[in-house]
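Colleague: Pasting in a structure now, in structure tokens, and then I'll have a few things to ask.
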Amino acid sequence: MPEETTRPLVELSHIRKVFNEGSVNEALLFDNFCFAVEKGQFISIVGSNGSGKTTLLNLICGSLTPDSGAILLDGNDISKMPEYKRSRVIGRVFQDPSTGACPSLTILENMALADNKGKRYGLTPGVSKKRIDFYRQQLEMLHLGLEDKINMPVGLLSGGQRQALALLISTLTPIDLLILDEHTAALDPKSSENVMELTDRFVREKKLTAVMVTHNLRYAVEYGNRLIMMHKGTIVKDAAYHEKDGCTVDDLLKIFNEISIECGN
């Protein structure tokens with residue numbers, strides 16, 4: 001009997017991506033680049049500036065399109081699918097806490113918007129009173145007391161509170177994939193630790209597949225079950241499960257230093 005294979009949740013196949021093509025600033029980032037994400041993986045991606053980390057996320061989410069190659073989600077080619085359609089099944093938390101929710105709307109109104117993602121809107125009220133208790137229960141998971149501030153405009157919250165709320169909002173409805181785009185980089189150390197702990201708990205409890213780009217090497221080592229290091233559009237390290245468990249910050253720093261020496265820095 002042939003061994004059964006599992007289809008990746010996300011697959012980037014033979015991707016080519018050139019920026020400023022045909023100009024003096026032309027830059028080839030990805031050339032025949034391949035990458036796959038298995039269901040249930042929580043992947044941490046590290047790498048220097050210009051390594052392709054954010055471009056990779058943008059290709060998956062649809063804010064960039066490849067020049068050639070294919071992007072598959074659960075076996076379906078989504079290479080030409082617009083970003084807003086992908087957002088129905090892909091949640092994304094950005095680096096800037098102000099982008100995760102509408103600041104002029106209340107916490108309750110933001111959660112109602114997220115709860116109705118992908119649904120048709122009519123002339124019924126935007127906030128269903130029947131769902132308010134559910135929203136409070138969800139907010140209690142953050143342990144920030146936001147369930148008692150449900151009618152407060154999001155713009156009045158701290159950066160850490162807003163990022164925790166953005167994480168909750170992005171996972172409020174069922175999604176196939178959670179994208180974390182340096183989502184702790186703009187936070188103070190205490191808020192950053194809290195958001196990472198929440199991230200880890202949500203991924204485990206909601207059984208999510210997640211891809212996280214981070215500059216924090218400790219987070220890359222401590223969280224998730226697969227670690228990727230990128231350099232100039234290529235993957236230079238890929239460690240998963242037991243191999244990843246053995247990785248240390250010093251191991252990553254050693255690779256960074258070797259790359260730096262090769263580049264003449």
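The values are calculated or read from the model by the stated rules, or taken from the named source; none is laboratory data. Being a predicted model, the structure only gives us computed values, none of them experimental. Cβ: placed from backbone, ideal geometry, glycine included. Neighbour counts: every protein chain shown. In case anyone asks, the SASA skips ligands and DNA or RNA and just uses the protein heavy atoms, side chains included. Shrake-Rupley method; radii C 1.70, N 1.55, O 1.52, S 1.80 Å.
Colleague: Within segment 134-141, can one find any residue that is more than 22 Å from the chain's Cα centre (by Cα), open to solvent by 20 Å² or more (accessible area, probe 1.4 Å), within 20 Å of Asp200 (Cα to Cα) and of a type outside the set (D, E, K, R)?
Modeller: Yes, there is a match, as at least one residue in segment 134-141 is more than 22 Å from the chain's Cα centre (by Cα), open to solvent by 20 Å² or more (accessible area, probe 1.4 Å), within 20 Å of Asp200 (Cα to Cα) and of a type outside the set (D, E, K, R).
Colleague: Condition first: surrounded by 17 or more Cβ atoms within 10 Å (Cβ to Cβ) and free of Cβ contacts under 8 Å to residues at least 24 places away in the same chain. Can you find one or more residues in segment 97-110 that meet it?
Modeller: Yes: segment 97-110 contains one or more residues that are surrounded by 17 or more Cβ atoms within 10 Å (Cβ to Cβ) and free of Cβ contacts under 8 Å to residues at least 24 places away in the same chain.
Colleague: Okay, moving on. Can you tell me which of Leu187, Leu178 is among the hydrophobic types (A, V, I, L, M, F, W, C), farther than 13 Å from Val46 by Cα and part of a loop (DSSP other than H, G, I, E, B)?
Modeller: Leu187
Colleague: When only residues in segment 211-240 that are part of a strand (DSSP E or B) and open to solvent by less than 10 Å² (accessible area, probe 1.4 Å) count, which is farthest from Ser260 (Cα to Cα)?
Modeller: Ranking the candidates gives Val211 first.
Colleague: List every residue pair whose Cβ atoms lie under 9 Å apart, where the two residues are 6 or more positions apart in sequence or sit on different chains, the first residue falls within segment 184-200 and is farther than 11 Å from Thr214 by Cβ, and the second residue, located anywhere, is β-branched (Val, Ile, Thr) and in a helix (DSSP H, G or I).
Modeller: Short answer, once both residue conditions are applied: Leu187/Val195.
Conditions tested, residue by residue: (1) over 17 Å from the mean Cα position of the chain (by Cα); (2) open to solvent by less than 30 Å² (accessible area, probe 1.4 Å); (3) modelled with pLDDT of 95 or more.
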{"site": "Met1", "(1), (2), (3)": "yes, no, no"}
{"site": "Thr6", "(1), (2), (3)": "yes, no, no"}
{"site": "Phe33", "(1), (2), (3)": "yes, yes, yes"}
{"site": "Gly40", "(1), (2), (3)": "no, no, yes"}
{"site": "Thr54", "(1), (2), (3)": "no, no, yes"}
{"site": "Leu64", "(1), (2), (3)": "no, no, yes"}
{"site": "Ser68", "(1), (2), (3)": "yes, no, yes"}
{"site": "Leu73", "(1), (2), (3)": "no, yes, yes"}
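Colleague: Is it the case that some residue within segment 149-159 is at pLDDT 95 or above, outside any strand (DSSP E or B) and within 19 Å of Phe42 (Cβ to Cβ)?
Modeller: Checked against the condition, which is being at pLDDT 95 or above, outside any strand (DSSP E or B) and within 19 Å of Phe42 (Cβ to Cβ), segment 149-159 yields no hits at all.
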